[in-house]
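The structure appears below as structure tokens.
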Amino acid sequence: MAADKVIAGGLPPSSIETLLVRLRTGRATAAVAALGVFAVRIGAAGFAYGAQVLMARMMGGAEYGVFATVWVWIAILGHTATFGLSQGACRFLPADQATGRLDSVRGFLLGGALASLGGGLALSLGGLAVAFLQGGLLAGPYGTPILVAAFVVPLFAFQDYLEGVARSQGWPLLAIAPPYLLRQALIMVAMIGAVLAGAPAEAWVAVACTLAATGLAAAVQAGLLLARLRRHLSHGPRLYRWRLWLAACLPIAAGDLAASAFGFVDVVILGFLAPPEAVGLYFAATRIQQFVAFVHYAASATTAQRLAAARARGDEAGLADLVRLQARWTFLATAGIGLAVVAVSPMLLGLFGEGFRASLPVLAILVAGSVAASLFGPAEDVLTMLGGERLCAGVTLAMLVLAAGLCLVLIPWLGVAGAAVAVALAQTLRGFVLALGARSLHGLATPVVGLSRRSAAR
């Protein structure tokens with residue numbers, strides 16, 4: 001009779017039923033959270049799109065191109081300045097909380113915040129030193145915007161770290177609403193207010209508005225996050241495991257730097273090879289393409305930390321299920337949103353001003369690259385969260401070099417479309433190689449094509 005009460009594998013029926021309920025609940029929670037994150041990012045993209053249209057209309061092509069180039073450098077340096085601790089929060093905090101190491105959690109929270117602010121300040125000072133040594137850069141149209149941008153980078157880095165901490169706790173809306181919704185709205189309001197008050201519609205004014213918006217949004221996010229953490233984390237001693245953290249986070253930082261540069265290498269190289277008007281034309285297409293990229297971000301924001309927690313608990317079946325679920329829905333959503341974006345892109349590009357519809361082929365190529373890369377699933381999250389961050393960083397860096405080389409070859413030949421082709425090819429190849437790495441290191445099959453329950457569970 002006892003055998004009748006035990007399922008193959010040694011678990012009684014009640015335990016199996018409990019596991020199934022938890023699995024279904026986890027799926028539903030992840031799906032609802034991802035939809036919430038995607039909704040906020042779409043709203044944020046709407047504000048960002050409105051802000052970019054507004055600035056392009058107010059500043060004109062040349063000044064808008066200067067602002068776009070400076071904003072790209074703010075994003076690259078700001079993401080880099082966290083030393084990978086923003087992504088590391090999603091890896092270490094859930095694992096430490098699952099195993100009861102609250103002293104390490106407290107140490108990571110405070111140490112990461114101070115390190116991110118300090119890293120941002122150091123990069124700003126280093127960038128200013130390079131600009132002063134170069135000489136001519138500060139005397140040209142980029143001079144004043146660069147000086148103002150130096151104050152933005154530490155605040156951007158701090159808010160990037162806050163986003164990682166909120167994501168690690170399973171609070172995706174708190175993670176993304178302040179930087180991607182509130183900040184974008186404040187930039188738009190500040191720019192309108194500045195011009196109405198008599199300020200010139202120039203790039204340095206737009207960067208100054210970005211400084212004010214970033215500072216206020218970061219302060220709001222820090223206050224809300226601190227209040228919520230105090231309700232979930234008791235006071236106590238702090239343990240700073242810098243050697244362990246940095247051993248994992250510095251490769252993540254290298255990967256973040258490469259990933260940020262990978263996302264902006266086309267704009268940066270265009271800044272050297274093309275006039276500001278062409279940069280502005282291309283940057284407008286990338287702003288619309290972000291609607292497609294947000295699908296992957298939403299899925300990662302709600303699932304990445306769950307991967308680390310599942311591995312810490314030894315739940316390999318649940319881990320494989322999360323990978324399979326994220327891969328399937330990310331691809332379907334990316335393809336659907338991509339088609340919708342291309343369909344309405346003539347109208348969206350036209351709002352930027354006369355001549356911006358010429359970047360429609362650029363947008364179509366970028367969207368195709370995003371859809372193709374999504375075929376290979378969440379391999380990047382698997383490597384970053386479960387171990388393999390060095391491989392991820394190395395692959396991303398190699399693809400960055402490839403993208404830069406392709407840009408240098410294709411831009412003189414195809415113009416701005418050459419930059420889009422270069423990035424799309426490198427992005428797709430990166431997804432393929434990362435999927436191979438995730439399968440080799442962790443036995444997890446991340447690609448959508450051929451992904452089955454049997455292969456995912458191996």
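The values are calculated or read from the model by the stated rules, or taken from the named source; none is laboratory data. The model shown is predicted, which means the values in this text are computed figures rather than measured ones. A quick note on method: Cβ atoms are made from the backbone with ideal geometry, for glycine too, and the neighbour counts reach across all protein chains shown. Just the protein is used for accessible areas: all its heavy atoms, side chains included, with ligands, DNA and RNA removed. Shrake-Rupley method; radii C 1.70, N 1.55, O 1.52, S 1.80 Å.
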> Quick one: how many Å² of Trp245 are accessible to a 1.4 Å probe, rounded to 10?
Replying inline: 0 Å²
> Hey, how many Å between the Cα centroid of segment 90-139 and the Cα centroid of segment 341-385?
Replying inline: 30 Å
>> What is the ratio of the Cα radius of gyration of segment 306-359 to 2.2 N^0.38 Å, with N the residue count, to two decimals?
In response: 1.93
> Under 14 Å from the 7 Å Cα→Cβ point of Arg57, by amide nitrogen: which residues of segment 354-369?
Replying inline: 354
> So how much accessible area does Asp321 have, in Å² to the nearest 10, using a 1.4 Å probe?
Replying inline: 10 Å²
> For Arg228 and Phe272 in the same chain, what is the full-extension length gain: residue separation times 0.36 nm, less their Cα-Cα distance, in nm?
Replying inline: 11.3 nm
> Direction-averaged shadow area of the convex hull around the Cα atoms of segment 289-413, nm²?
Replying inline: 8.9 nm²
> Short version: ³J(HN,Hα) in whole Hz for each residue of segment 174-179, in order, from phi by Karplus 6.51 cos²θ - 1.76 cosθ + 1.60 (θ = phi - 60°), x for Gly and Pro, what are they?
Replying inline: 5, 5, 10, 4, x, x
>> If every alpha-carbon in segment 73-169 counts as one equal scatterer, what log10 I(q)/I(0) does Debye give at q = 0.15 1/Å?
In response: -0.60
>> Quick check of the Kirkwood formula: for segment 121-185, what is the inverse mean of 1/r over all pairs of different Cα atoms, in Å?
In response: 13.5 Å
> With every protein chain left in place, what is the accessible area per residue of segment 321-379 in square angstrom, probe 1.4 Å?
Replying inline: 40 Å²
> Leu425: accessible area at probe 1.4 Å, nearest 10 Å²?
Replying inline: 100 Å²
>> Using 10 Å bins from zero, what percent of all Cα-Cα pairs in segment 98-219 falls into each bin?
In response: 13, 33, 31, 16, 5, 1
> Once the Cβ-Cβ distance between Leu239 and Leu121 is put in as r, and R0 is 22 Å, what FRET efficiency do you end up with, to the nearest 0.05?
Replying inline: 0.30
> Ranked from the most accessible area to the least, with a 1.4 Å probe and all protein chains present, what is the order of Arg91, Arg167?
Replying inline: Arg91, Arg167
> So for Glu354, Glu316, what's the accessible-area order with a 1.4 Å probe, most first?
Replying inline: Glu354, Glu316
